[in-house]
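Engineer: Got a structure for you, written out below as structure tokens; questions coming shortly.
The values are calculated or read from the model by the stated rules, or taken from the named source; none is laboratory data. Since we're looking at a predicted model, the values are computed, not measured. Note that each Cβ is placed from the backbone with ideal geometry, even for glycine, and that neighbours are counted across all protein chains shown. Surface areas here come from the heavy atoms of the whole protein model, side chains and all, with no ligands, DNA or RNA. Shrake-Rupley method; radii C 1.70, N 1.55, O 1.52, S 1.80 Å.
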Amino acid sequence: MRKRRVVILGATGSIGESARKVARDLPDRMEIVGMSAHSNAEKLREAAKEFPGAKLALSSEPGGSEKLIELATLPEADMVLIAIVGTGGLRPALAAIEAGKDIAVASKEILVMAGEAVMNAARRKGVHVLPVDSEHNAIFQCLEGQRAERTSNIEQRTLKEEPARLPADSKFDVHCSTFSSANIRRLILTASGGPFRTWPAERLADVTLEQALKHPTWTMGAKITIDSATLFNKGLEMIEARWLFDVEMARVEVIVHPQSIVHSMVEFRDSSVLAQLSVTDMCFPIQYAVTWPDRVPNRLPPLDFARLGKLEFEAPRLADFPALNLARAAGETGGTLPAVLNAANEIAVATFLARGCSFPAIWQTVERTMSEHRSVAGADLPAIMEADQWARRRAAELLRP
């Protein structure tokens with residue numbers, strides 16, 4: 001049995017707390033050797049009592065970003081779990097990859113902003129990029145049996161008949177395992193729909209902060225909870241899936257599933273669908289990222305199908321919740337536009353959390369900021385960060401009273 005020595009960046013947030021729970025549950029498989037928090041020193045000290053050998057860092061202190069990189073490149077670590085909300089995890093992620101560490105990604109912004117750079121770096125260094133988001137972890141599990149093999153002449157002929165949907169030469173080696181994306185017809189991300197799933201459009205302008213922070217199924221931080229209410233969270237996941245699994249945005253879809261039991265699905269070219277199901281607990285995907293490729297017994301609750309009774313699905317309301325269409329447009333355009341979408345959304349959500357704008361102003365600000373940006377194709381990291389900073393300034397200007 002292999003024990004993973006893990007650094008947790010963002011150890012005091014909801015993902016970090018779940019990761020620490022997994023470490024407590026599976027001490028023979030997971031050892032925490034480093035932890036960071038942004039500014040919650042007291043909570044980090046409490047966590048350190050449980051894992052006394054772990055090195056610590058506060059990113060809010062002077063030189064905090066360099067301290068994160070030091071943690072991400074600890075010689076004794078072989079995996080870095082990045083659970084930092086926002087863009088602060090990008091540099092540590094790239095540093096960890098360059099140091100030969102596997103990364104487990106819970107921070108969507110890393111792949112939304114710089115998915116091409118991150119995945120290319122991982123391939124070059126031969127390290128694993130393992131998804132911790134429940135949706136992407138579910139897709140990864142569904143694809144585990146789809147190792148790429150030499151394509152037969154019959155398969156090549158079939159693929160030529162559907163070139164737009166099933167590119168014959170498309171392969172990806174995410175997690176250093178080669179899959180054939182030619183077998184994938186659709187990646188189907190499930191969304192709870194958020195607390196306003198059934199609200200009429202005209203009521204959304206009256207949404208209060210307290211209402212938006214009451215997620216129907218998950219307990220998460222404030223930013224991601226608001227993103228779930230607007231569906232921007234799912235939009236960011238669409239772009240993340242595009243890079244993790246090397247498929248076009250046209251093959252990434254979203255379905256609303258209020259129970260949050262089916263975490264995502266893959267439809268293959270023969271029209272069969274595989275789904276991954278579990279109770280709503282982030283310990284499941286974190287454990288699988290840490291123990292992969294093994295499945296390890298734990299104390300997490302199993303599904304009780306008789307008690308569950310039924311599973312419901314419905315189409316997202318794209319006209320009333322424009323975040324999905326904005327994310328699709330950003331993902332299809334590529335370049336610096338996804339970074340602009342992400343940055344503008346961060347500023348708009350922060351303003352809403354400070355009671356400085358209305359709920360619909362979040363997507364309205366993102367849409368206008370995107371419309372004013374001229375995307376740079378094939379952008380390098382400096383260009384991406386420049387676009388990020390421009391979008392933050394412009395979004396803040398648009399939100400001023």
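Engineer: Can you give me the relative contact order of the stretch 252-324 as a percent, contacts being Cα pairs under 8 Å and 6 or more apart?
Structural biologist: About 39 percent, as a whole number.
Engineer: Taking Cα centroids, how far is the stretch 1-75 from the stretch 198-227 in Å?
Structural biologist: Taking the Cα centre of the stretch 198-227 as reference, the centre of the stretch 1-75 is 30 Å away.
Engineer: Averaged over every viewing direction, what's the projected area of the C-alpha convex hull for the chain? Give it in nm², one decimal, please.
Structural biologist: Hull-based average projected area comes out at 20.2 nm².
Engineer: Would you work out the charge dipole size for the stretch 245-400 about its Cα centre, treating the Cβ of every Lys and Arg as +1 and the Cβ of every Asp and Glu as -1, and quote it to the nearest 20 debye?
Structural biologist: Charge dipole, the stretch 245-400, about its Cα centre: 440 debye, nearest 20.
Engineer: So with the 1.4 Å probe, I'd like the accessible area per residue for the chain, rounded to whole Å².
Structural biologist: That works out to 43 Å² per residue.
Engineer: Can I ask one more? Net charge near ALA23: determine it from the other residues with C-beta under 12 Å of the C-beta of ALA23, scoring Lys and Arg +1 and Asp and Glu -1.
Structural biologist: Result for the neighbourhood of ALA23: +2.
Engineer: Can you tell me the alpha carbon radius of gyration of the stretch 255-401 divided by the globular rule-of-thumb value 2.2 N^0.38 Å?
Structural biologist: Compared with the compact-globule rule of thumb, the stretch 255-401 sits at 1.35.
Engineer: Evaluate the charge dipole of the chain about its Cα centre and quote only its size in Debye, nearest 20, assuming +1 on the Cβ of each Lys and Arg and -1 on the Cβ of each Asp and Glu.
Structural biologist: In total the dipole reaches around 340 debye.
Engineer: Roll a 1.4 angstrom probe over the protein heavy atoms and tell me the percent of accessible area of the chain that is carbon or sulfur.
Structural biologist: 50 percent
Engineer: Among the trypsin sites (Lys or Arg not before Pro) in the stretch 330-401, which ones are in a DSSP loop with at most 14 other Cβ atoms within 10 Å of the Cβ? Mind listing them?
Structural biologist: ARG355, ARG374
Engineer: Regarding the stretch 339-401, what are the three Cα extents along the principal axes, ordered largest first, in Å?
Structural biologist: So the three principal-axis extents are 36, 18, 15 Å.
Engineer: Please compute the contact order of the chain in relative form: average sequence separation of alpha-carbon pairs under 8 Å and at least six residues apart, divided by the residue count, as a percent.
Structural biologist: Result for the chain is 15 percent.
Engineer: Rounded to whole Å, give me the distance from the Cα center of the stretch 270-290 to that of the stretch 323-401.
Structural biologist: Spelled out, the Cα-based centre of one part sits 30 Å from the other.
Engineer: Among 53-63, 280-290, what's the highest-first ranking by average C-beta atoms within 10 angstrom per residue?
Structural biologist: Ranking the peptides 53-63, 280-290 by packing returns 280-290, 53-63.
Engineer: In a GNM of the chain with a 10 Å cut-off on Cα contacts, which of ALA122, ALA229, ALA379 has the highest mean-square fluctuation?
Structural biologist: Highest fluctuation of the listed residues: ALA379.
Engineer: Considering only Cα-Cα distances, which of the following residue pairs are longer than 29 Å: LYS101/LYS214; LYS43/LYS125; LYS43/LYS223?
Structural biologist: LYS101/LYS214; LYS43/LYS125
Engineer: While we're here: How big is the charge dipole of the stretch 318-390 about its Cα centre, in debye rounded to the nearest 20, if each Lys and Arg gets +1 on its Cβ and each Asp and Glu gets -1 on its Cβ?
Structural biologist: Computed about the Cα centre, the dipole is about 180 debye.
Engineer: Which peptide among 230-242, 341-353, 75-87 comes first, and what is the full order, when sorted by highest mean count of other Cβ atoms within 10 Å?
Structural biologist: 230-242, 341-353, 75-87
Engineer: Name the residue, out of SER371, SER18, SER65, whose mean-square fluctuation peaks in a Gaussian network model built on the chain with Cα pairs under 10 Å.
Structural biologist: SER371
Engineer: Moving to a separate point now. Need one word for the stretch 277-338: rounded, prolate or oblate. Basis is the Cα gyration tensor (sqrt eigenvalues a ≥ b ≥ c); a/c below 1.5 gives rounded, then a/b vs b/c decides.
Structural biologist: oblate
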